[in-house]
Amino acid sequence: MSHSRSAPIGKLSPPRLPAIVERSRLYRLLDRARKRPVVWINAPPGFGKTTVVAGYLRARKLRPLWYQMDEGDRDLATFFHYMGLAARHAAPRYRRPLPHLTPEYLQGLPTFTRRFFEELSQRLRTASLLVLDNYQEVSPDALFHEMVALGVEAASAGIGVMIMSRELPPPAFARLQAAQIISFIDEEDLRLTKTEARAVVRLHTGSNKLPRLAQIDTLQNKFHGWVAGFVLILEQVKTVRADQIAADQQTPQVIFDYLAREVMRRLSPETQRFLLRTAFLPNMTAAMATRLSEEASAGDMLARLYQSRSFTERRAGVESLYQYHPLFREFLRAQARAVLRPDQVADIQRAAASLLEEAERVEDAVALYAEAGQIQEIVRLVMARGPELLQQGRSQTLESWLTQVPAGLYEQEPWLFYWLASCRLVTAPLESEAIFEKAFERFKAQDNMAGMLLSWAGIISSIQFSWIDLSRFDRWIDIMLKMVQPGAAFPSTEIDIQFTFCMVNALMWRRPYASVVVPWIDRAKNLLEGVPGIETYSPLVAQMSNFCAWLGDLDAADKYAKILKSAAECETNLPLMRLTYYANTTPLAWLRGHPKETLRLVQEGLAISEKTGVYVFDSALLAAGFYGSLFLNELSSAEHYLKRSACLVEHPAHVMRANFLLMQAWMLRIKGDLSKAWGLLQAGLEVRGLHGSPYPEALLSCAAAELLHGLGEEERADQYLSHALRIAKGMGSRVLQFMGNLFQSQFAFDRDRREEALSALREALAVGKQSGFSFFAWFVPENVARLCAKALEAEIETEYVQELIRITRLAPTEESVWLPEAWPWPVKIYTLGRFEIHLDGIPLAPRRKAPYRVLHLLKLLIALGAKDVSISRLVDTLWPEAEGDTGQETFSKTVQRLRRLLASEQVIQVRDGKVSLNRALCWTDVLVFEELAKETALSRGQLDGLVPLYERLIELYRGPFLGEDEVEGWADDRRRAARERFIQAVDGLSASYREAGQAEQALSCLEKALDVDPFAELLYGRLIQLFQSLSRPAEAKSVWVRYRRHVVERAGRDPSEAMQRLAKTLV
């Protein structure tokens, strides 16, 4: 940009030296000092610090990045701005510029500083030096010096650093001194030795005019080797007066002024006039000097001053730039004020400022305009340069300009209020809001629509930046909705974008109802589709993505997230753009059921913020990390993210504190501490400004309803849930509707209102399937698992529910056990009547070479109960001949093979010398069968409850344990017990049917059971007796024939006495 073109010439270039005395003694001293990373050169003015360093660099052929500090550098953003320009000039091969210190970096200023200087040092050659000249010019602002100390430390790891100052290091450099990183060269080192003084005399007077050596030594002693005083006194060396100065009792400035006046008397009036006028320029080209002094020979005069070493430096550039030594310049300015009238001085300052402004040296121009009392010129520059300075993050510089303007002018020119408020927007948003309001009222009085629109946008932004009590939006929403319609024309596209963003933002938080917000959403969509390059305006794109996510329109949110991603992947984009993408993409990831993707994005985003110091999205990223961790049931990880979030929302009225308290309460709810969770949630509901912010209010209301329901406060629970559902309907938010209906269903099931529960569940799951939801705030796994089981049982959205269970890794509930086909168990093992393994519902394909021992281990584990089975027992059974550790090693290898076979590390659990099947991941028919048998035994005498238990038992038993094949002896007990329980269940169920007068069902039950177990003698007897009681003798005889064929002939067993007696009744 134009502002940068000439600035580096004077500020960022080392002086070009005329013929000087090469002070080899000091060069060697600098060589030794540079063994440490930082060299600090401190001495009063006039000791030749700059000349010595410039001469050293030239002698050692070192390439410096030279930075001449001035008062403007107290604004850190200005310092980094010009440092970035210096880097660009020193290393032009790097196309990507170093970053400006824009507001997003302020939270992580130390990180930004370290990274900036680290990258700066990487861009410079290893032989380079970073030179900071005139360090004392910056006011003793602690923050500035702390950051520079950090930066110097970071840069010194790659390049050397030299700092020249009139003072010792400020306290911020104490750590560097303690670490012995800094070497010092002080005024004692810089004083001229007698040998150096004689060399200076030879250089300045020529060999034919040398004073006597004794006189030179006297002068050198008189000024204690002070270079500036010694050089000036050479002009007076023939007079007695010079020898009479009490140099040791005066300050350098006083001595310099005295000597300079003596020299000035000997100059021509033209030269004196030239010096007095040009002294008001911090530095100048020959052309600038000519125009200010009105001397045609100005260029020659500057060249002579430089060549004669008359306290004039020259710096390189397209045009040579001249600069008076600070002592000399201050002397000349004082002389000008002494000999010229005030109006003459003001005219010179005004003319000099104009020249500086033409040269794009705007900061220097403002300083001179202020000295000249030209306030209107400062106002003009504020208007013209304000946007550029804020874009560079240099709000402090802009505010320093504004402080030059009297308060009365603000009332006449509301833009001054506007720019002052803009300066404080990030660092003091509450102050900024009040100033923007003043600007708005003044613009309104002037009927200035552009000013009103921008000031209103500034007010909204101030409230958003503060995050304190968003109810402050309400007044300004009402004001502007009356003034501006969604279809209105705007003064410019830029104002349109900024205003629309702020309107959608305010409405999203406070009026997200369709009738109000949709017209403005449509306007935002039209802007995004119709304005070229608007995708780089990430706040509006991010806002649309976020609002679509609130509404549950994940496809639309994805569309805007992809725009953000495209912009973020551009190499030249700043970290803020990339972090905007991460902050807006992570909620979509966990809503869609991608927790690992969520955590990956969170970690990448936090890594960028840590690296760059841009922490503005840390709260959103940490919340997403919490959600992703809870999704995976990684509670320790979730607590880690929660702890990191705490410090970001400490203010009790911070709106995001409500979300933080929601997360804290959610964690306690997961752990089962409902009372403590309710206490935290109540605090969240009471955060000032939350009421009337519908979406977060609805989230907390859903959570409150679920907690109060769990605590038995049903009436209050219903009130909160009804409130959340009203908001969901008003917003048209599918995600809130999904949550609310799920909670409705949960409450109805708990109250034994099955039809009401199923109706709400159908509605919730239809919305979830359509929208692609897999997770939500206040997701309580056991509650969702129960609802999923109910849905599968009722055949509601079966495929969606099964996918939901898989994605969220829900543990099965009691209801799930009876849904072996519907519940998506990762592993299912059938052992009754067969031996089959199903992985994710698909039978395991048979292998050419069956893993015999692997399957035997699994069968044995199940036969022994599959819970806490001793490893030693398994080893002794399967590998009885193994000695020492061989059996243990074989077991471990077999377990690993079994885990690979089952495609899961978690299904087989080995702990404390015992082995178990993970029942949350693996459904096994015989284990469910035996649990059901135990429940049946406990329910005897309760006819209504027994029948469904018997039915489930019989349905599970499909034949002998491990099938019809012969089995190892260790399976006999399990096989025998399962068969006996099956027969008892059939007997009990058929008896229940008979007692209930349901003979046909009893017959069917017995006949089906005999199909499964044709050797069950007891069941043949029961079936014969039942046919006899029904007067159906032929069918009774047919059963007897079947009995003899299977039991007597095939099994080779003699009929029992009971069967023999029964046979006689058939004759």
Notebook entry, point to check: Can you tell which of 515, 454, 129 lies farthest toward the positive end of the dipole of the chain, using +1 and -1 charges on the Cβ of basic and acidic side chains (Lys, Arg; Asp, Glu)?
Noted result: 129
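Relative contact order (percent) for the chain, with alpha-carbon contacts under 8 angstrom and 6 or more residues of separation? Mind showing how you got there, number by number?
Working: 1491 pairs, mean separation 70.3, N = 1067.
Once divided by the residue count of the chain, the mean separation gives 7 percent.
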Note to self: Could you sort the peptides 93-99, 34-40 by per-residue average Cβ neighbour count (10 Å cutoff), highest mean leading?
What the structure shows: 34-40, 93-99
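Pick out, in residue order, every one of the GluC sites (Glu not before Pro) in the range 280-386 that is DSSP loop and has at most 16 other C-beta atoms within 10 Å; say none if there are none. Mind dumping the intermediate values first?
Details: sites: 294, 295, 313, 319, 330, 357, 358, 360, 363, 371, 377; in loops: 294, 295, 319, 360.
Answer by residue number: 294, 319, 360.
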Notebook entry, point to check: Helix 694-710: angle to the longest alpha-carbon principal axis of the chain, degrees 0 to 90, nearest 10?
Noted result: 40
Note to self: Going by average Cβ density within 10 Å per residue, which order do the peptides 654-660, 602-608, 86-92 take, highest to lowest?
What the structure shows: 654-660, 602-608, 86-92
Notebook entry, point to check: Considering every pair of different Cα atoms, what Kirkwood radius, in Å, is found for the range 2-191?
Noted result: 16.8
Item checked: Beta bridges per DSSP with both ends in the range 827-925, % antiparallel, nearest 5 -> 80
Next item on the list: Just subtract the alpha-carbon distance of residue 93 and residue 271 from 0.36 nm times their residue separation and send over the number in nm, one decimal.
Entry: 59.7 nm
Check: Per 5 Å bin, what is the whole-percent P(r) computed from every C-alpha pair distance within the range 1-109?
Finding: 2, 9, 17, 20, 18, 15, 11, 6, 2, 1
Item checked: Gained length - residue 479 relative to residue 722, 0.36 nm times residue gap less alpha-carbon distance -> 84.4 nm
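Of all DSSP beta bridges in the chain, what percent run antiparallel (nearest 5)? Mind dumping the intermediate values first?
Values: 21 of 42 bridges.
Antiparallel bridges make up about 50 percent of those DSSP assigns within the chain.
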Item checked: Cα shape, the range 464-538, gyration tensor, a/c 1.5 rule -> prolate
Notebook entry, point to check: Among 966, 951, 153, what is the fewest-to-most ranking by other Cβ atoms within 10 Å?
Noted result: 966, 951, 153
Next item on the list: Would you please give the FRET efficiency between residue 937 and residue 889, computed as 1/(1 + (r/R0)^6) with r the Cβ-Cβ distance and R0 = 45 Å, to the nearest 0.05?
Entry: 0.60
Notebook entry, point to check: Among 982, 1046, 112, which residue has its Cα positioned farthest towards the positive end of the charge dipole of the chain, with +1 placed on the Cβ of Lys and Arg, -1 on the Cβ of Asp and Glu, and the dipole taken about the Cα centre?
Noted result: 112
Notebook entry, point to check: Mind checking the log10 I(q)/I(0) for the chain at q = 0.05, 0.09 Å⁻¹? Debye, one equal scatterer per Cα, no solvent, two decimals.
Noted result: -0.54, -1.08
Note to self: Distance between the C-alpha centers of the range 56-104 and the range 549-579? Whole Å please.
What the structure shows: 33
Check: For the range 640-692, taking Cα atoms only, what is the radius of gyration to one decimal and the Dmax to the nearest whole Å?
Finding: 10.8, 31
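Between residue 522 and residue 1008, what FRET efficiency comes out of the Förster formula 1/(1 + (r/R0)^6) with R0 = 56 Å and r the beta carbon distance, rounded to 0.05? Before the final figure, lay out the partial values.
On the way: r = 64 Å, r/R0 = 1.15.
Computed FRET efficiency for residue 1008 and residue 522 comes out at 0.30.
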Notebook entry, point to check: Using a ≥ b ≥ c from the Cα gyration tensor of the range 948-1067 (square roots of the eigenvalues), is it rounded, prolate or oblate, where a/c under 1.5 gives rounded and otherwise the larger of a/b and b/c decides, a/b for prolate?
Noted result: oblate
Check: Where q = 0.11 Å⁻¹, what log10 of I(q)/I(0) comes from the Debye formula for the range 125-201, counting one point per Cα?
Finding: -0.37
Notebook entry, point to check: Taking only the alpha-carbon atoms of the range 547-593, what semi-axes of the equivalent ellipsoid follow from 5 times the gyration tensor eigenvalues under a square root, in whole Å, largest first?
Noted result: 21, 10, 8
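Just to verify a number: FRET efficiency for residue 427 and residue 141, C-beta to C-beta distance, R0 = 22 Å, to 0.05? Each step should come with its number before you reach the end.
On the way: r = 14 Å, r/R0 = 0.65.
Computed FRET efficiency for residue 427 and residue 141: 0.95.
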Check: Modelled label-to-label distance, residue 71 and residue 821, 7 Å Cα→beta-carbon offset: nm?
Finding: 8.8
Note to self: Just the number: Rg to Rh for the range 739-817, Cα atoms, Kirkwood Rh, two decimals.
What the structure shows: 0.91
Notebook entry, point to check: Over all directions, what mean area does the Cα convex hull of the range 375-462 project, stated in square nanometres?
Noted result: 5.0
Next item on the list: For helix 852-863, report the angle its Cα long axis makes with the longest principal axis of the Cα atoms of the chain; keep it between 0 and 90° and round to the nearest 10°.
Entry: 70
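For the range 599-682, what class follows from the C-alpha gyration tensor (a ≥ b ≥ c being the square roots of its eigenvalues): rounded when a/c is under 1.5, otherwise prolate if a/b is larger than b/c, else oblate? Walk me through the numbers before you get to the answer.
Values: a/c = 3.07, a/b = 1.41, b/c = 2.18.
Here the range 599-682 falls in the oblate category.
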Next item on the list: For residue 976 paired with residue 174, estimate the spin-label separation in nm (one decimal), with each label point 7 Å from Cα along the Cα-to-Cβ line.
Entry: 8.6
Note to self: Just to be sure I understand the curve: with the Debye formula and one point per C-alpha of the range 267-339, what is log10 I(q)/I(0) at q = 0.14, 0.15, 0.17, 0.19 Å⁻¹?
What the structure shows: -0.37, -0.42, -0.55, -0.69
Check: Measuring from label point to label point, each 7 Å out along Cα→Cβ, what is the residue 762 to residue 412 span in nm?
Finding: 7.5
Next item on the list: Jot down the radius of gyration and Dmax of the range 776-888, Cα atoms only, both in angstrom.
Entry: 18.4, 56
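Taken together, the values in this text are just the output of simple stated rules run on the coordinates, not laboratory data. As the structure is a computational prediction, the values presented were derived from the model and not from experiment. Here the Cβ is made from the backbone with ideal geometry for all residues, glycine too, and neighbour counts use every protein chain on show.
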